[in-house]
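Undergrad: Submitted below is the structure of interest, expressed as C-alpha cells.
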Amino acid sequence: MSNNTVKSSKSGSQGRTIAIVAMFFLFAMISFVTNLAAPLGTIWKNSYEWSGMLGNLMNFLAYLFMGIPAGNMLVKVGYKKTAQYAMVVGLVGLVLQWLSSFVGTETGVFEVQGTMVTLNFIIYLLGAFICGFCVCMLNVVVNPMLNLLGGGGNKGNQLVQMGGSCNSLAGTLTPLFVGMLVGQVTVATSMTDVTPLLFIAMGVFVLAFIVISAVAIPEPNLGAKKVKYSHSPWNFRHTVLGVIGIFFYVGIEVGIPGVLLFYLSDSAASGITVNATAVAGGVVAIYWLLMLVGRLTSSAISGKVSSRAQLIFVSLVAILLILGAISLPSSYRVSMPAYSVEDGFTMASVPTKALLFVLCGLCTSVMWGGIFNLAVEGLGKYTAQASGIFMMMVVGGGVMPVIQNAIADSAGYMVSYWLVIAMLAYLLFYGLIGSRNVNTDIPVDEEEEVPNSL
C-alpha cells in the first residue's frame, strides 16, 4: 500500500470521526431546545391554567409543517447547510422567547376562561413554534447522517443510540438548570427568571453555527442527478407503520415526564408540601438521566442485539412499569434525589409510582433509534425522503401529551397514563410484526430516471 493511500485512509477516518462528533453535538442541541418547553410551561401555567403543555405543543407542531420541507432541503442544499440554517432559526426562536419576558406584558389580546391572554404569551408561543422548526431541521440531519456513517443496520443503530446518549444528557441537565435558576415557582415567577438560561442557549447556538461551519460533513445527495422515482417511502409497509410508531413514541417520551412533572408539582395530589416544583424538576431530571443510561447501554450492545429485539423488550417492560405505577396508591412513598436553590441537593419523599414512571426512561431511551432504524432498513435511495416524513410525525410529541394532559385534568393524572399504555402496545406490535419489510421487490439501489416530459 502506498503512503498516499495510507494518508488518504487516515484522513477519511479522521473526517468521519469529526463528522460523528458534530452530529452528537447537534443531538444534544435538539434535546436542550426541546426540553426547555416543559419547565417553562410550569411558569406560564400559573398565569393560564390551561397553558401547561401549549409551549410543548407549539414546539412539536412545527414538525408537522417543517418535516417534509426539511427533508427536501436536505436533498437540495445538503446536511451542513441545513444544520447551519437550523442554528439561525433556533436563535430567532430563543430571542422571541426572551422578548416575551418584557414585551407586551400589559397588553391584553383576547380572553380565555375568564382570563385575559397577554401579547407576551403569544410571543412566547411563536418563539416555541420557531424553535420547533430548528429541532426538526436538526433531527432531519443527525438521524440519517449517523445511520449513514455507521453503515446502516445494527452498526447504524449503534451510532444513533450513542448520539441519543448526548441527547439524554442535555435532557437531564435542562430541567435541572431551570430548577436551579427558578427555584420554587410561584404566581410571581415569570420568564425574566430564566433570562440567563435563554442567553446561555443563544450563545450555544452561535457556537454551534461556528463549529458546524468548520467541520467537513459527508454530502451523499449533493451533485447527484435529479431523478424521479417510480416509488416512494409510502410504498413500504414497514416504513408507514414506523411513521405511526414515531408519532406515538415521541408522545410517550414527552408525555410520561410531562404529566409526572405536573403531578409532583401538585401538592394536593402528590403529597409533596415543600418545594414541590423543585422536587418535581429533580425527579423528572432522573428520567432523562436514565434515558442517557439506556442509550449508552444500547449503544454498547446494538452491534450484537438487533433493533427489533430491543424494541420488543423495552415496550413490554414499559407497559408493566406503567401498569404498576397506575395501581400503586400515592401513600406508598420512596426517597428520591431533588434539588432546590434554598437547600441544594436533598432526598425528598415522593410517591413510589413516580419511581416507576422515571424507570420508563430506560425503556424510552432505546425506542427512537430502534424505530427509525427498522423503518428505514432496506429503503436505499428513499431514505432521505423518509427522514423528512419521520420528522413531520414528531408532531406526536405535541399532540399526544396535550391529549394526555386533557385527560389528566378531567379524569386524573393516573387515568391519563392508559393512553401511554395504548401507544406502547402499538410499539410492541410494530416490533413483533409491523417492522418486517414485505416490499423487498421494490428496487432501491439503481437509479430510475424518468424523462421530464412524463
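Undergrad: Taking interchain pairs and intrachain pairs at least six residues apart, which have beta carbon atoms under 8 angstrom, with the first residue in region 147-175 and under 26 Å from Ile286 (Cβ atoms) and the second modelled with pLDDT of 75 or more and among the basic types (Lys, Arg)?
TA: Gln161/Arg295; Met162/Arg295; Gly164/Arg295; Ser165/Arg295; Asn167/Arg295; Ser168/Arg295
Undergrad: With Ala386, Ala425, Ala406 as the choices, which residue is open to solvent by 40 Å² or more (accessible area, probe 1.4 Å), more than 26 Å from Gly55 (Cα to Cα) and either assigned to a helix (DSSP H, G or I) or of a type outside the set (D, E, K, R) (or both)? Reasoning before the result, please.
TA: Numbers: Ala386 fails: open to solvent by 40 Å² or more (accessible area, probe 1.4 Å); Ala406 fails: more than 26 Å from Gly55 (Cα to Cα).
Step by step, each of Ala386, Ala425, Ala406 is checked, and only Ala425 is open to solvent by 40 Å² or more (accessible area, probe 1.4 Å), more than 26 Å from Gly55 (Cα to Cα) and either assigned to a helix (DSSP H, G or I) or of a type outside the set (D, E, K, R) (or both).
Undergrad: Another question, then. Would you mind telling me which numbered condition in (1) surrounded by fewer than 20 Cβ atoms within 10 Å (Cβ to Cβ); (2) at pLDDT 80 or above Leu173 fails?
TA: (2)
Undergrad: Scan Leu328, Leu362, Leu356, Leu292 and give me the residue that is surrounded by 15 or more Cβ atoms within 10 Å (Cβ to Cβ), under 21 Å from Asn167 (Cβ atoms) and modelled with pLDDT of 90 or more. Give the steps one after another, and end with the answer.
TA: Working: Leu328 fails: under 21 Å from Asn167 (Cβ atoms); Leu356 fails: under 21 Å from Asn167 (Cβ atoms); Leu292 fails: modelled with pLDDT of 90 or more.
On inspection, the qualifying residue turns out to be Leu362.
Undergrad: Could you tell me which numbered condition Met367 fails, if it satisfies all but one of (1) open to solvent by 40 Å² or more (accessible area, probe 1.4 Å); (2) in contact (Cβ under 8 Å) with a residue 12 or more places away in the chain?
TA: Against the list (1) open to solvent by 40 Å² or more (accessible area, probe 1.4 Å); (2) in contact (Cβ under 8 Å) with a residue 12 or more places away in the chain, Met367 comes up short only on (1).
The values are calculated or read from the model by the stated rules, or taken from the named source; none is laboratory data. Since this is a predicted model, take the numbers as computed values, not measurements. Positions of Cβ are generated from backbone atoms using ideal geometry, with glycine treated the same way; all protein chains shown enter the neighbour counts. Surface accessibility is based on the protein's heavy atoms, side chains included, excluding ligands, DNA and RNA. Shrake-Rupley method; radii C 1.70, N 1.55, O 1.52, S 1.80 Å.
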